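A.B. asks: Before I ask anything, let me first share the structure, which is written out below as structure tokens.
The values are calculated or read from the model by the stated rules, or taken from the named source; none is laboratory data. These numbers come from a predicted model, not from an experiment. Note that we place each Cβ from the backbone using ideal geometry, even for glycine, and neighbour counts take in every protein chain shown. For the accessible areas, the whole protein counts, side chains as well, though only heavy atoms, and no ligand, DNA or RNA atoms are used. Shrake-Rupley method; radii C 1.70, N 1.55, O 1.52, S 1.80 Å.
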Amino acid sequence: MHTVKYKSNLEDIKLAAEVIKGGGLVAFPTETVYGLGANALNEKAVKAIYEAKGRPSDNPMIVHIGNMGQLDQLVQFVTEDAAKLMKAFWPGPITFVLPKSNLVPDVVTGGLPTIAIRMPANKIALALINASGCPIAAPSANLSGKPSPTTSYDVLEDMNGRIDAVIEGEDCIVGIESTVLDMTSGRPTILRPGFITPSSIEGIIQKPVKYDESLFEENVDNLKDSTPKSPGMKYTHYSPKAQVRLIRGNDEMANSRMRALGLEARREGRKVAVLDYAGDAGKAAQRFFADLRELDRQGYDLILVRTLDEEGFGFSIMNRMVRSAGYDIVEE
Ligand code: TXA
Ligand code: MG
């Protein structure tokens, strides 16, 4: 299959929307990561997403809307709190899990009775959805298991020849995927942490928000054989070809440990890279996935990553770092 490359002008976006309308697959930029989109109400088109990504079909997708008018057909109801949060954060990097309507094919939600919905903030994404006239199901536009793509180059690296088209936009600003917030139980629960943190959510609804138990490292062993609420979390994630190890501890100790580990690996003839964002969470989020991919291209064998403080947004970035390292954390 030849993958058409569209630019981000209106004319091209309209052509890309025709591809979506015809049941095709189009990768497009959002403010978080690039998505791989298809008409969410077209079962066959959504199935093709799983195939292009090599993704297990019990892993549900996020449905993207371009205006509030598209919401009602997808859900059974919107809770009062969810409505407040949508007003506060949409368009933006937060996804709400709500009871799904019968219109949504089971293939979109992996057979779950709930649906994950988001209105992205990126102008190209919004224009594409609105020109298509349908909600767009879109997971991240990478091969399953690889780091999510935050540039059109990264998308093409994985998807060239596997999808109908890509819209080449700017690099993603946030750099990690949206916060996924489950609004279907009594207590709003974060299933996947992102740029929008519990405290900013609590500030809007004046109610405590919790992180799902599966997000805590100490629960990982149980997680492996349980049925997590967010099925996406159980699969290998964000893994480059290189081995990734995280180094945690105070600066001095961690730096000397990184040097020692680097030296040891180099003696074994391995090519070693260090990622240290100096505690800058915004930069770490924006760069982390792209850096992993770039280091793979350059043939590194081992990537040593300095951890961040797990406060607020830092917790969300560490969630990705820990998974990309397969939970290999060196404590200092
Ligand atoms: O930022 C993002 O959210 C990006 C861009 C493209 O919008 N999309 C994205 O989609 O990350 P995906 O499919 O790679 O991740 C969807 C996450 C998975 O962890 C999945 O398990 C969870 O959302 N999810 C989807 N539907 C769900 C549902 N009904 N209940 C619980 N979790 C759900
Ligand atoms: Mg993904």
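A.B. asks: Can you pull out the strands (runs of 3 or more DSSP E) entirely within segment 134-211 that have at least 1 residues that are within 11 Å of ligand 1 (Cβ to nearest atom) and open to solvent by less than 50 Å² (accessible area, probe 1.4 Å)?
C.D. replies: Answer list for segment 134-211: 179-182, 189-192.
A.B. asks: Here's a follow-up. Which of (1) crowded, with 24+ Cβ neighbours inside 10 Å; (2) within 12 Å of ligand 1 (Cβ to nearest atom); (3) in a loop (DSSP other than H, G, I, E, B) is the odd one out, the single condition A125 does not satisfy?
C.D. replies: (3)
A.B. asks: I need the full set of residues from segment 8-28 which are out of contact with any strand residue (DSSP E or B) (no Cβ under 7 Å at 6 or more places or on another chain), over 12 Å from K44 (Cα atoms) and not in a helix (DSSP H, G or I), in order please.
C.D. replies: N9
A.B. asks: So, G66, is that one open to solvent by less than 60 Å² (accessible area, probe 1.4 Å), part of a strand (DSSP E or B), closer than 26 Å to P113 by Cβ and within 15 Å of ligand 1 (Cβ to nearest atom) or not?
C.D. replies: No; evaluated as a whole, the condition is false for this residue.
A.B. asks: Could I ask something else about it? Considering only segment 268-325, state which residues are of a type in the set (S, T, N, Q) and either in contact with a helix residue (DSSP H, G or I) (Cβ under 7 Å, 6 or more places away or on another chain) or open to solvent by less than 30 Å² (accessible area, probe 1.4 Å) (or both).
C.D. replies: Matches in segment 268-325: T307, S316, N319, S324.
A.B. asks: Let me ask another. Can you tell me which condition K47 does not meet? The list is (1) surrounded by fewer than 17 Cβ atoms within 10 Å (Cβ to Cβ); (2) within 10 Å of ligand 1 (Cβ to nearest atom); (3) part of a helix (DSSP H, G or I), and all the others hold.
C.D. replies: Condition not satisfied by K47: (2).
A.B. asks: Residue check, Q76 against (1) open to solvent by 50 Å² or more (accessible area, probe 1.4 Å); (2) among the polar types (S, T, N, Q); (3) closer than 29 Å to V4 by Cβ, all met but one. Which one?
C.D. replies: Condition (3) is where Q76 drops out.
A.B. asks: Related question: Given the conditions (1) open to solvent by less than 10 Å² (accessible area, probe 1.4 Å); (2) within 12 Å of ligand 1 (Cβ to nearest atom), report the number of the one that L112 does not fulfil.
C.D. replies: Every listed condition holds for L112 apart from (1).
A.B. asks: Condition check: modelled with pLDDT of 90 or more and within 20 Å of T95 (Cα to Cα). Does K234 satisfy that?
C.D. replies: no
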